[in-house]
Amino acid sequence: MKLTRSALILLGLLGLLLLAAILGPIGSPYDVGELSDNHLLPPSSHHWLGTDLHGRDLLTRLMYGARISLLVGFVGASISLLVGVVYGLIAGYTGGRVDNLMMRFVDVLYALPRIVLVIVLISLFDLKLKAMLDGTLFAPFATHARLLLLFVGLGLVEWLTLARIVRAQVLTIKERPFVLSSRLIGQSTPVILVRQILPQVLPIVITYLTLALPAVILEESFLSFLGLGVQAPLASWGTLLADGASMLNPVETPWWLIVFPAAVLVGCLLLFNLLGDQLRRMGADAGR
Amino acid sequence: MIFRRVLPGWLGLWGLTFLSGCNSGPRADLVICNGAEPQTLDPALVSGQLEGRICAALYEGLTRRDARGKSIPAAAESWSVSPDGKTYTFTLRPGLKWSNGDPVTAADFRYSWLRALDPVSASPYAEILFFIRGAEDFQAGRASAESVEIAAPDDRTLRVRLKNPVPFFPSLISFTTYLPVHRATVEKYGDRWTRPEHWVGNGPYLLKAWQVNDRVSLQKNPRYHSADRVRLNRIDALAVTRASTAFNLYSSGQADVLLDKGLIPSLILPKLRGRPDFHPAPLFATYFYRFNVTRPPFDNPKVRRAFSLAIDKEAVVEKITRGGEPIALSLTPRGVPGYLPPSGPVQDTLTCKALLREAGYPNGEGFPRISILYNKSELNEQIAVELQAQWKRTLGVQVELRNQEWATYLRSLDTLDFDIARSSWVGDYDDPLTFLDCFATGRGNNRTGWSDPSYDNLLAKAQAEPNAAVRLRFLGQAEEILILQAMPILPLYHFVGCLMFDPKKWDGLLPNLLDEHPFSEIGPKGK
Amino acid sequence: MLSFVTRRLLSSIPVVLAVLALCFLLVRIAPGSPFATERALDPRTKAMLEEKFGLSGSLAEQLVRYGGNVLRGDLGDSLKFRGRTVAEIIGQSLPRSLLLGSISFSLALGLGVPLGAWAAAHYGRKTDSFLNSVALLTLSTPTFVLAPVSVLVFAFGLKLLPPAGWGTLSQLVLPAICLAIPFIGVCARLTRGGLLETLGSDFIRTARAKGVTETKLVYLHALRPAVLPLVAYAGPLAANILTGSLVIEEVFAVPGIGQFFVNGVINRDVFLVSGVVLVYCLLLLLFNLIADWLTALLDPRIRAAS
């Protein structure tokens, strides 16, 4: 695969974004949690993107939010990737009744609105996880328990499509001559799965990752809108945007609290989508 | 080809859904944004204010609240009290009718009150009838309905014997749970009796239609005893959840009145304050934080005191709630005649540090990990963020935030699975007891684990006291224990109710402490 | 054809039952009680309510009881909206969601497909990348931003449309468009992708060699096979769009069914959630069936095979 120029540009932008997320907060003169009396200030030379209700600098919060949103996106998508690929591989390769049963389970989860699943997962494990962490070495991480829940919760609802795609691929690949011959040589199933089949499905999987990532980020923002997103005072782009959107009214709106979070969120999703497009196109070219 | 097959079916489906989905009639005389969808219109089951408002239009109790929030005679034309203050005898107006023409009798009231108490009804508010002798035992399943001392010797006389003298009993019975229901209808249709096609009531308005999440449509009741004084023919109460949506509806003229305090985005409250259609008024309600006194560190009164003294309540109302809310120095808001609530402590950054040091945490060192529990709706999170910052600033203590969705939050409150929790309480009747009784030992609404025999004792003494002034003094002493000494709670501010309507177009709507706005008194200005 | 439909229907029955059971169990094991309110409820009253609504006993008992009721056609009562059956609530709110959703669905297809085709016809040119970016933009904007912003612009800025409410045609416009917008983007992208693939295939090359004009080629010859991926997507899309959306319904005060999916779970109103999930599940199966039938109709290869 050779990278096209636009793919390079997009990857460069992604790098910049990651850089801003990692280094930006360090360079900011404001502390992310520090409340001040300068509440609801419009953008100025002191606060480039204005301040929120508590007088916190929006730019700093957005850069911290980038960490959370990207983390939720990457980890959530990776979990869904892992579960989806493994599930699809097993179902497709085993075939027969096991495959049928496994795919039926996917059907069932498909027909269950995922928001129902996510809310229940989050509220169910919220208490459990805290009880588990309390009194152990990990107690200081209890505040981040919600983040962990989001990873798992979002990852566990996103994997369905991938499982179907991988399974369909495996079904055709496993009849190909090279797989049949490996089997004749007597290679074990795990070896065949990992050595022969996995590389074949990998291109699709990578393309899928670029699609799942924005989906997870968007889903997290909806959960934030419902008040189930990351725990304050941490903030993701989703929570920032949801907080801003809740302030919309026909009398007087602090526009900067909506415009800037929306711009970074939409821009980032756009970036991932375009990147996914490029990868798919390159994959198609390579396949031709 | 394919479109030729699919399209007609699609269009047909459209036509059908359009007919069933859209039901636009002429606009009602008055359109009110009432808050969320009513959970029930059965007065025995109502537990919320927004349902109570509609019930006040559909049913009429022995007394009712007028537009000023004062209790006035309604179905009862007069009553007398025995010298010991424990027996009330009500006389009903002559000729009262249900909306189906049946006469309203004293037996209807007896039936309705016993129904609300009946454990089978599982009324969430049965407690408010416990002032009546025998009521609590019946509700708890320890005694029969006959042992409850409510008697209807004839059609127009209702005699009630109370456990204790309750000077505010006549105003208490205007509360929703005391409203009468039509026995034959309830018994015939069971749970379904409040459907518009079955419903029977005795209030100024009839239930014409009730579409889920859309609206409750009310129509003037011609059989109401003062029908000539009911000013509007048709009223629609819209179910709107989001403040911004309600405000948009009002701003565009699709709704005439915003009736719930939660229906105006708090951000713009300061902007609205100068407008003639904005009518704020203090409410009989308090926003406060609970401390869990059953476990460290808040089992130590010094820590609770330190945390209370560390808070600048002005900052909360100025920056966050923005509606001109008075800061709360006591649990009970001001406004009950004859009762001046004790004045709790104000911010004192020096003392609170000293207290924390005495408790063994100088400058917050060694303080355990604690969190504020809240549900993320309205301003709870913003307030928690502000308080978190204040405690860090004044005490050097790092408090975490813990947001749970509604059902989980309530469960955590009930099981005392929290350190500090946000709460609010709205008074049910205009007496301090409605607030103070929450914190008596073992009450379901205590939710702090706090218990103090001298507090319980003062409440009991107050309730047994026939002299109103002495009674209020006992209650005041109890509140002093709660607010000045033990401090299981930290009152933050008292709510402000915000009505919005154009005073040039409407009258009969007056801001008042109990947030009571009887629909029957609303009408076009000057008519 | 008929046997195909019957087979499909029969095979979906276990799926529907499993979805319903899973949903019921999930909501029941979530912490918190459906009867809890800010005002504490005494344990006796709570027990009485659980008994009354058939929520006492073990989870298995509750599930069996509920399953039995459902099979008898009784979806139970709402726990939050007392005195109302789930069937009644769905009966009142589903038609409104169907109305709104069908308009949005038509918009999504009616605008998405031509836009996608247009982009494909201008593949690699400025129009294409512009349309592509717009499509991506629409599907990246969260509804909870899009809806309130469009209210501010169209209802208060331009004063063209009412900001919220239900009952008149003009009140349908904004929510229908806001509900459709993310899906217009998806439909356009799917159409474009499908078209680009078919335009490269042999039969199009033959047609092109025969001298068929490029416009005719795109809109007449290639479109039919090219919409196949879209048709497969349109099944779940229809089910989603017809069951509404919490945000759209709250912002525009639309009394539809979409809000019960979220609020039902938050209130632990187990029968109501299970009821609306059942509706969703049935719609999904129905539209997947229709999508498969359409695919067979559109694709000569599958038609020949069956």
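The values are calculated or read from the model by the stated rules, or taken from the named source; none is laboratory data. In this text, all values refer to a predicted model and were calculated from it rather than measured experimentally. Note that each Cβ is placed from the backbone with ideal geometry, even for glycine, and that neighbours are counted across all protein chains shown.
Just a few scattered comments:
- Strands (runs of 3 or more DSSP E) lying entirely in the stretch B:1-116 (those with 2 or more residues that are in contact with a Lys or Arg (Cβ under 9 Å, 6 or more places away or on another chain) and either modelled with pLDDT of 90 or more or surrounded by 15 or more Cβ atoms within 10 Å (Cβ to Cβ) (or both)): B:30-33, B:71-73, B:76-81, B:87-92
- The single condition among (1) touching a residue at least 12 places away in the same chain (Cβ under 8 Å); (2) farther than 30 Å from residue B:45 by Cα; (3) surrounded by fewer than 19 Cβ atoms within 10 Å (Cβ to Cβ) that residue C:87 does not meet is (2).
- Selection from the stretch B:117-142 of residues that are touching a helix residue (DSSP H, G or I) at 6+ places or on another chain (Cβ under 6 Å), outside any helix (DSSP H, G or I) and surrounded by 19 or more Cβ atoms within 10 Å (Cβ to Cβ): B:122, B:123, B:125, B:134
- Residue match in the stretch C:283-299 (condition: of a type in the set (Ser, Thr, Tyr), modelled with pLDDT of 80 or more and either crowded, with 21+ Cβ neighbours inside 10 Å or over 30 Å from residue C:3 (Cβ atoms) (or both)): no
- Residue selected from the stretch C:18-35 under the condition touching a residue at least 40 places away in the same chain (Cβ under 8 Å) and assigned to a loop (DSSP other than H, G, I, E, B), by the criterion surrounded by the fewest Cβ atoms within 10 Å (Cβ to Cβ): C:33
- Among all positions in the stretch A:143-164, there is at least one residue which is more than 9 Å from every other protein chain (Cβ to nearest Cβ), surrounded by fewer than 18 Cβ atoms within 10 Å (Cβ to Cβ), at pLDDT below 90 and more than 28 Å from residue C:14 (Cα to Cα).
- Top-ranked residue of the stretch C:147-192 - restricted to ones that are of a type in the set (Lys, Arg) and more than 9 Å from chain B (Cβ to nearest Cβ), ranked as farthest from residue A:261 (Cα to Cα): C:192
Residue by residue, here is whether (1) over 21 Å from residue A:164 (Cα atoms); (2) at pLDDT below 85; (3) out of contact with any Cys (no Cβ under 8 Å at 6 or more places or on another chain) holds:
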{"residue": "A:38", "(1), (2), (3)": "yes, yes, yes"}
{"residue": "A:56", "(1), (2), (3)": "yes, no, yes"}
{"residue": "A:86", "(1), (2), (3)": "no, no, yes"}
{"residue": "A:95", "(1), (2), (3)": "no, no, yes"}
{"residue": "A:110", "(1), (2), (3)": "no, no, yes"}
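- Of the numbered criteria (1) within 9 Å of chain B (Cβ to nearest Cβ); (2) out of contact with any Cys (no Cβ under 9 Å at 6 or more places or on another chain); (3) more than 29 Å from residue C:226 (Cα to Cα); (4) hydroxyl-bearing (Ser, Thr, Tyr), the one residue C:106 fails is (3).
- All conditions in (1) within 14 Å of chain B (Cβ to nearest Cβ); (2) in a helix (DSSP H, G or I); (3) surrounded by fewer than 20 Cβ atoms within 10 Å (Cβ to Cβ) hold for residue A:61, with the sole exception of (3).
- Selected residue (criterion: surrounded by the most Cβ atoms within 10 Å (Cβ to Cβ)) from residues of the stretch C:147-177 that are part of a helix (DSSP H, G or I) and of a type in the set (Ser, Thr, Tyr): C:150
- Index of the failed condition, residue B:385 passing every other in (1) facing chain A (nearest Cβ under 10 Å); (2) in contact (Cβ under 8 Å) with a residue 40 or more places away in the chain: (2)
- Looking only at residues in the stretch C:121-146 that are more than 14 Å from every other protein chain (Cβ to nearest Cβ) and in contact with an Asp or Glu (Cβ under 9 Å, 6 or more places away or on another chain), the one that is surrounded by the most Cβ atoms within 10 Å (Cβ to Cβ) is C:121.
- Close pairs from the stretch B:78-92: first assigned by TED's automatic domain parsing to the domain that holds residue B:148, partner assigned to a strand (DSSP E or B) and among the basic types (Lys, Arg), Cβ under 8 Å, at least 6 apart: B:86/B:161; B:87/B:159; B:87/B:161; B:88/B:159; B:89/B:159; B:90/B:159
- One residue stands out in the stretch B:123-162 among those that are within 14 Å of chain C (Cβ to nearest Cβ) and in contact (Cβ under 8 Å) with a residue 40 or more places away in the chain: the one that is nearest to residue B:87 (Cα to Cα), namely B:129.
- First in the stretch B:245-270 and under 11 Å from residue C:165 (Cβ atoms) and within 14 Å of chain C (Cβ to nearest Cβ), second anywhere and of a type outside the set (A, V, I, L, M) and in a helix (DSSP H, G or I), Cβ under 8 Å, 6 or more apart: B:245/C:250; B:248/C:156; B:252/C:156
- Meets criteria (buried (at least 20 other Cβ atoms within 10 Å of the Cβ), aliphatic (A, V, I, L, M) and either part of a helix (DSSP H, G or I) or more than 13 Å from chain B (Cβ to nearest Cβ) (or both)) for residue C:212: no
- Residue list for the stretch A:214-269, filter: within 12 Å of chain B (Cβ to nearest Cβ) and of a type in the set (Phe, Trp, Tyr): A:225
- The one condition in (1) surrounded by fewer than 24 Cβ atoms within 10 Å (Cβ to Cβ); (2) not in a helix (DSSP H, G or I) that residue C:218 fails to fulfil: (2)
- Restricted to the stretch B:436-451, and to residues there that are among the hydrophobic types (A, V, I, L, M, F, W, C) and free of Cβ contacts under 8 Å to residues at least 24 places away in the same chain, the residue that is nearest to the other protein chains (Cβ to nearest Cβ) is B:438.
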